[in-house]
Structure formats: structure tokens, C-alpha cells
Amino acid sequence: NPYAGLVSHLRASWLSGKTRPMEYRVAQLEALGRFLDDKKEEILEATELDMGKPSFEAFFSEILLCKNELNVTLNNLCHWMKDEHVDKNLVMQLDSAFIRKDPYGVVLIIAPWNYPIHLFLVPLIGAIAAGNCAIIKPSEISKNTERLVAETLSCYLDNDCFAVVTGGVQETTRLLENKFDYIFFSGTSRSPPVGQIVMTAAAKHLTPVTLELGGKNPCYVSDTCDVTNVARRVAWGRFFNAGQTCIAPDYLLCSVEMQEKLMPALRAAITEFFGPNPQESPDFGRIVSDKHFRRIRALLCSGRVALGGQTDEAERYIAPTVLADVLPSDPAMQEEIFGPILPIVVIANMDEAIDFINARPRPLVVYAFSCDSKVVNQVLERTSSGGFCGNDTLMHLMLSSLPFGGIGNSGLGKYHGKFTFDTFSHHRGCLHRNMGLETLNTPRYPPYTQQKLGLLTTTFEVKRRGTCTLL
């Protein structure tokens, strides 16, 4: 295997204990901060070349949010690393019982192309913070960013403990043949089948995994809402990064009356954001590849094109598009769109919308808009998804205090902030007992008697307290 030597080298570094001291972890994390500062312009240029990503969007999503994750981690690492002491019973009052946050060892991070810096760097921050060695596999689809990472990251990180591997499906397949101690995989459109491949490879070595897989994120819009605000927030979330965002609202569910109200509001929002011709706007991106362009363009036959619909294959441009009266059987409803197309599916009421959501695989996020908080809470309580956001889109991603991850088809595991540190840490249950006081242990030793059983019951039994009421 072409990567066996690299994995062995990193494992030897990890076994040496090099990555365990807090000072080492902090130094490597600070080096990532310098990477972001020094290579800011190159990152903006590479993401613009790969998918026409506006510099505003690239700075916000690829640099600022990563710096936030980095600083949250550096600000809290000392606290996160500490042993977590736990409750003890009567017998063990003089002993030490705690949870030790151990690194897993050598971890593999497989990143996608749509946020090619953010989606390798955020997991890497947690992996380093937890004391692991890591191999990073950036996406070959965003080739300019891949080249930037491959050529420059090694100048900042310890090459004995961290490495970048490039290539496509064949290289990734060979890489997955090696034994890793943890695998973190982020996918894009059509990623559940790839997630199954990753999980199958991991199962051969009993390797734990985190899978971020996306899905068709529903967005329910009730009849009681501020239509202008809904249109602006939905249009921003759908068309940010030209729709190539795993948590973008994938389709709207609303009544026929709300659909009619939304059309002029969405038209106004798109014009406000991108001007009368979005193709000329410096603030609207492009599709990452010809293959993805053709896949997304084929979805335009769903329902009727109410807004947008223009395409330019030479530029890989697809206009911000809204499809009205889309049927559940239409092509746009069969797969994650991952592009600047927003289908609207008409439903009668909230109950029908909830049934529609629950009849499909669980998404990465559910969105709900209403001026009535009871409606938003009903959608939250009666659906299941990786995350939830009421009366906005994408913004739950901005809080590192919230776990981010999927459920079911949309993924497995969670990260962001302390959740990333915990993901890459083995929580090791530890008990350190006093060497003396042997009299306290006598009741557990044979020969057994009823008196000994009574003593054990008294000292070990956990009694139920009063009932708990959820307010």
C-alpha cells in the first residue's frame, strides 16, 4: 500500500507521546492561525478560481469562521484537557474517579470541495487539540485549493505528525485500506453512498467514524410570517456559494397562497443581492465543475421556472432560480440539489408539511418560518434532523457552542467547538483506588453471607430521588 509507510511514520510519532503536551498542541494550533493569516490572499484566489467564490463569502466562510473555531479552542483548551471528576459511592469516597480525555492516535480527515479550507481545517483544529496525529485528504475537485493546501500546509505544521495526501477516488480508496484510529468524512451532494464506502472500509479495522453527509433540507413557511424577511433570509441561505452548501434550504413547503406572496418577494431579494443580471454580479459564484453543472441544469425541468432559469455552460453559470408548483415526483425532489435552484412544493397546512418531512430521510437541518413561535416549536418537536433553525437559514452554523452534525442518512457524529475536541478524544473512564483500607473491601470477598450482601447493598445502592418535571 502506497500510504502504509506514511501511516506507520505518523503512528510512531504519536506513540512517542510528542503530541500529548498542551504546549505542543497550542504551538500547532497557533501555526494554523499563521497559515490563515499568511495565505489569506492565496485562499481567496484559489476559491475564486475553483468556483467563482466571491471574496466576501470566501473570507467569511473559509477564514473568519475558521479563526473563530481556532480561538475558541485556544481559549478553552486548558479546561477541555483537564480530567473530569465524577460522583462516587460511599466505598470510594477516598479514591479518585475521573474521565481522562485521551487522543485516539492517527486520524484521517477527508474534506469536500464546497468549503475546501473550512471543512478540513475545523476538524483538524479539534484533532490537534485532542492530541492526535492526522492525515488530511483535501478534495481533488477544488484543484486550486487542493494544490495550495498540499504545497503550503507542511510549512506550518510538524511533518512528523501531520501530512496532506492528494488524489482522487483511487488514492482515497488505497488510503482507506490502512488502519486509522478515527476517520472524519465530510461529503457533498450524493454523499450517503460514499459515506457507506467510508464506513465499510472503517469497519474492517473497527475504526470509529464521523460522517457529515448532507441531504434535502426542508424549509416550512407558514401563512403567518413577514414575507419580505423570509424571502431575504431564504434567498441568502439558498444562493450563498451558488447553492453549494450542505445546510442550504433545499426546498420550500408552503400553501399556494404563500407561494404567490413569496414570488415577488424572492424576485426583489434576488435583484437586491445580485442586481438585474446575476451573471454580471461579483457576488454570485459558479458551479465547481462541468459534471456538477450538467447535473444541476437537468433539474430545471421540475415544476415551472418562476424566477431565473438562465444557464451558461462556458462559465458554469446557473442563475438564482425558483421553481414553482414542484411535485414530489419531480427530479429536483429526488436528490440534494447542491446548486442555486429553490423548488417550492405546495402543501395545505403545517400538519401536511410535517408529514411530508417525516416521510423522507432525516435531513441535516430543518428550517421553519413563522411569526407564531408555537408553529416553529411544533415543527421542531414533531420532526427529526441533525439540526434546526427557526426564522433564518445557515445561522445555526455560526455558533461553535452548538453541535453540528447529521442523523440517519444525513450523517453520524457531531463537531464544532468543544464538540470537535470531544469527537477526536477517547473518553477514558478511570478509577484510582487507595492501596490501604482493605477492611472496606472485605464485604465483597467470598465466602459470601447475607450480612455481607446487606453491607454491599447499603454502600453501593443508588436510590431514586423525586420525579423530574420538564417545564
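Express in Å², to the nearest 10, the accessible area of residue 427 obtained by rolling a 1.4 Å probe over the protein heavy atoms while all chains stay in place.
Per-residue accessible area (residue 427): approximately 80 Å².
Once you put a point 7 Å from the Cα of residue 85 and another 7 Å from the Cα of residue 360, both along the Cβ direction, what distance in nm separates them?
Using points 7 Å along Cα→Cβ, the separation is 5.1 nm.
Let me check something: with ligands and nucleic acids excluded, how do 263, 398, 199, 258 order by accessible area (1.4 Å probe), largest to smallest?
Numbers: 263 25, 398 50, 199 90, 258 5 Å².
So, going from the largest accessible area down, we get 199, 398, 263, 258.
Which value at 222 nm does the chain reach when only helices count, each DSSP H run of 4 or more adding -39,500 (n - 2.57), with the total divided by all residues and rounded to the nearest 500 deg cm²/dmol? Kindly include the intermediate steps, with their values, before the conclusion.
Values: 16 runs with 181 residues, N = 471.
Here the helix-only value at 222 nm equals -11500 deg cm²/dmol.
Calculate the FRET efficiency for residue 154 and residue 228 from the Cβ-Cβ distance with a Förster distance of 60 Å, rounded to the nearest 0.05. Provide the component values of the computation, followed by the final result.
On the way: r = 49 Å, r/R0 = 0.82.
The pair residue 154/residue 228 has a calculated efficiency of 0.75.
Applying a 10 Å radius around every beta-carbon, put 345-352, 457-464, 315-322 in order of their mean neighbour count, most first.
On the way: 345-352: 15.5, 457-464: 9.2, 315-322: 22.8.
Ranking the peptides 345-352, 457-464, 315-322 by packing returns 315-322, 345-352, 457-464.
Too long at a 25 Å Cα-Cα cut-off: which of 261/291; 39/82; 137/291?
Working: 261/291 35 Å; 39/82 33 Å; 137/291 21 Å.
Over 25 Å apart, Cα to Cα: 261/291; 39/82.
Heavy atoms only, 1.4 Å probe, whole protein assembly: order 205, 292, 432 by accessible area, highest first. Walk me through the numbers on the way to the answer.
Values: 205 60, 292 30, 432 125 Å².
The ordering from most to least exposed comes out as 432, 205, 292.
Once both labels are modelled 7 Å past Cα along the beta-carbon direction, what's the residue 456-residue 291 spacing in nm?
About 6.1 nm, to one decimal.
What is the percent carbon and sulfur in the accessible area of the chain, measuring with a 1.4 Å probe over the protein chains and ignoring ligands?
Values: 11790 of 21410 Å².
C and S atoms contribute 55 percent here.
Quantify how much of the Cα-Cα distance distribution of the stretch 218-405 extends past 23 Å, in percent.
Numbers: 6561 of 17578 pairs.
Looking at the stretch 218-405, the distances longer than 23 Å represent 37 percent of pairs.
Once the whole set of protein chains is in place, how much accessible area is left on residue 372, using a 1.4 Å probe, in Å² to the nearest 10?
60 Å²
Please report the spacing between the Cα centers of the stretch 353-385 and the stretch 247-322 in Å, no decimals.
24 Å
Sort 266-276, 357-367 for me by packing, meaning the mean count of neighbouring Cβ atoms within 10 Å per residue, highest on top. Intermediate results must be reported in sequence, preceding the final value.
Details: 266-276: 17.4, 357-367: 20.1.
For the peptides 266-276, 357-367, the packing ranking is 357-367, 266-276.
Of all DSSP beta bridges located in the chain, what percent are antiparallel, nearest 5? Show your work: numbers first, answer last.
Details: 18 of 50 bridges.
Antiparallel: roughly 35 percent of the beta bridges in the chain.
Nearest 0.05, what FRET efficiency do residue 170 and residue 49 give at R0 = 30 Å with Cβ-Cβ as r? The partial results should precede the final answer.
Values: r = 24 Å, r/R0 = 0.81.
The value I calculate is 0.80.
For 113, 14, write out the residues from largest to smallest accessible area, computed with a 1.4 angstrom probe and no ligands counted. Could the numbers behind the result be given before it?
Details: 113 5, 14 40 Å².
In descending accessible area the options line up as 14, 113.
Please calculate the 1.4 Å probe accessible area of residue 426, with all protein chains present, and give it to the nearest 10 Å².
Accessible area, nearest 10 Å²: 80 Å².
Tell me, how many Å apart are the Cα centres for the stretch 186-243 and for the stretch 65-84?
If we compute the Cα centre of each part, the gap is 26 Å.
Given points 7 Å out from each Cα along the Cα-Cβ axis, report the residue 372 to residue 98 separation in nanometres with one decimal.
5.3 nm
Hey, with R₀ at 45 Å, roughly what FRET efficiency would residue 64 and residue 449 work out to, going by the Cβ-Cβ distance, to 0.05? Display every interim value, and only then the final one.
Values: r = 68 Å, r/R0 = 1.50.
It comes out at approximately 0.10.
Where the centroid of each part is defined by its Cα atoms, how far is the stretch 405-471 from the stretch 167-185 in Å?
Cα centroid of the stretch 405-471 versus Cα centroid of the stretch 167-185: 35 Å apart.
The values are calculated or read from the model by the stated rules, or taken from the named source; none is laboratory data. This one's a predicted model, so the numbers in the text were calculated from it and none came from an experiment. Positions of Cβ are generated from backbone atoms using ideal geometry, with glycine treated the same way; all protein chains shown enter the neighbour counts. The area values use the complete protein model at the heavy-atom level, side chains included, leaving out ligands, DNA and RNA. Shrake-Rupley method; radii C 1.70, N 1.55, O 1.52, S 1.80 Å.
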